[in-house]
Amino acid sequence: MHYIIITDCNGLAATLTDLAGEKDGMTVIVHGNRPIADFQRVLPRGRCAVHRFAALHTMHPLGTERLVVCITRGVAATLKKARAMLPAAPALVVENAAISKAEREALAAMTDVAIIGGAELFRSAALERWKHLELRKRIALMRRCVDPDQPLWILTQHDPDPDAIGSALALTHLLGRSRRNTPIVTLKGVSRSENISMISLLGIKVKTITAAALRRAPQVALVDVQPAFFKRHIGNVRIVIDHHPQTELYDVPYVDIQPGFGATSSIMVEYLDAAGLKVNTRLATALYYAVKTDTLLMGRGVSPEDFRAFGALWPLADHKLISQMERPRLKSREVDVFIRALKYHHIERGALFVPLGRVHKEDLVPRLADFVLQIGDVEFALVWGSFGRVTTFSARALNPHIDAGEIMQRVFGHLGSAGGHAEMARATVASKALAADFGEEGQTRLSVSIRKRVLGAIAAQKRAVLKK
Ligand SMILES: [Mn+2]
């Protein structure tokens, strides 16, 4: 491409030449009577020729020219003259108030001429810089809130997910701290197979600690969770960064809670970007996996910032490693549970029911709930299994008129914790209370009465939709 920039303003000339790419040629045409030297002074030496308008007559067009016109008087006439010599060149005209109505109409009629606002040249880049400046101020404040010489414990929610783990790694990097001096801690360890495989593949240590030990920690930072979650004193909290809705006010020196974000990791990506910190493959992989899983692959609660984080991380992440995390190996004990699910499932009125009996790991229940959706043509699936003294239920709904969260709440809410999203939900109840409420005469009887109540709840929801 060869750019021909017609301008009468030497102050803007250098900016206009930035419109050309590094490999493009360019010529600056001085419009009006200003000395050429005024322009030569501000333009990159050797990079572009500066001429008077008359020079256009001697040019030999190659057909790859692009015109940029930034002048205050006679825009349409000048453009017309230039295009007489360069008939194939499309043109951008920089907006100004001196362009008359008639000129504007003449320009609008030309299909290969576009008008661009002066601010458009800078605006998006400027907005980005303003945001960076704001974030850098916040980062400086954040860094002042922790003692660099004391260990900082990064606390996550129970059974931390990829978003919590990715955010913790990012915070360590942002604060410029060593891993040794900045342990990632939780009160209840990682149990989901995918998350176990994430931390082992990326070589991340997540330490399970007691509440008493936590209270003795010199300083604590919370990521992807807030103090209210713990319902108890959790020591010297200095930083809270989260994307869940804020339920309480915290007396913590640095708090950044942004419920608009689909993942805390996306907040961290903005910080790292503003700080100008390099993100290595390990960190990029963790953060990418975090954004991907927390937004259910951009399907839930996403903001433009999540898309930007996703796009920025994509080329940096190790995608082979991620597909390994997503398909954790099955141990033979786990294979047995899958076989049980295939053998004992029951389909009734478009709903699939799978009693797993005893399971040795609680996370097998939601994993099986995802798996069994592949069986038959169903719109709802419920999987349950008992672990210790509790029974866990995991529900999935494919029909938009079925709200799995509400069904869990309606059927099991009076016995324990129950709820979730419309598409996926869970309930955890004491097995004794379940049997007392649903039928004491053995597992088969229990399964029948669970099915009956769940089908009743689904039918009630569908009737409510029909009424609307
Ligand atoms: Mn999260």
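The values are calculated or read from the model by the stated rules, or taken from the named source; none is laboratory data. Bear in mind that the values here come from a model prediction, so they are computed numbers and not experimental data. Neighbour counts run over all protein chains shown; Cβ positions are idealised from the backbone, glycine included. The area values use the complete protein model at the heavy-atom level, side chains included, leaving out ligands, DNA and RNA. Shrake-Rupley method; radii C 1.70, N 1.55, O 1.52, S 1.80 Å.
Okay, here's what the table says:
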quantity: Pair list, Cβ under 8 Å, 6 or more apart: the range 398-409 residue under 11 Å from residue 457 (Cβ atoms), other residue open to solvent by 50 Å² or more (accessible area, probe 1.4 Å) and assigned to a loop (DSSP other than H, G, I, E, B); calculated: 404/421; 404/423
quantity: Among the residues listed as 245, 183, the single one being outside the structural domain of residue 360 (by TED's automatic domain parsing), modelled with pLDDT of 95 or more and open to solvent by 10 Å² or more (accessible area, probe 1.4 Å); calculated: 183
quantity: Residues of the range 125-167 classified as open to solvent by 20 Å² or more (accessible area, probe 1.4 Å) and either farther than 23 Å from residue 225 by Cα or not aliphatic (A, V, I, L, M) (or both), total; calculated: 25
quantity: Residue list for the range 410-421, restricted to those being of a type in the set (Gly, Ala, Ser), open to solvent by 40 Å² or more (accessible area, probe 1.4 Å) and within 20 Å of residue 462 (Cβ to Cβ); calculated: 420
quantity: Filter pass, residue 173 being modelled with pLDDT of 95 or more, more than 16 Å from the ligand (Cβ to nearest atom) and over 30 Å from residue 62 (Cβ atoms); calculated: yes
quantity: Residue 217 vs. criteria over 21 Å from residue 283 (Cβ atoms), more than 14 Å from the ligand (Cβ to nearest atom) and either open to solvent by less than 20 Å² (accessible area, probe 1.4 Å) or among the acidic types (Asp, Glu) (or both); calculated: yes
quantity: Residue check for residue 390: more than 26 Å from residue 460 (Cβ to Cβ), touching a residue at least 12 places away in the same chain (Cβ under 8 Å) and either among the polar types (S, T, N, Q) or open to solvent by less than 50 Å² (accessible area, probe 1.4 Å) (or both); calculated: yes
quantity: Filter result for residue 115 (outside any helix (DSSP H, G or I), surrounded by 18 or more Cβ atoms within 10 Å (Cβ to Cβ) and touching a residue at least 12 places away in the same chain (Cβ under 8 Å)); calculated: no
quantity: Residue satisfying all of: in the range 227-252; within 18 Å of residue 152 (Cα to Cα) and within 19 Å of the chain's Cα centre (by Cα); nearest to the ligand (Cβ to nearest atom) among these; calculated: 242
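Every residue, every condition in (1) of a type in the set (Val, Ile, Thr); (2) in the same structural domain as residue 455 (by TED's automatic domain parsing), yes or no:
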{"residue": "318", "(1), (2)": "no, no"}
{"residue": "339", "(1), (2)": "yes, yes"}
{"residue": "358", "(1), (2)": "no, yes"}
{"residue": "362", "(1), (2)": "no, yes"}
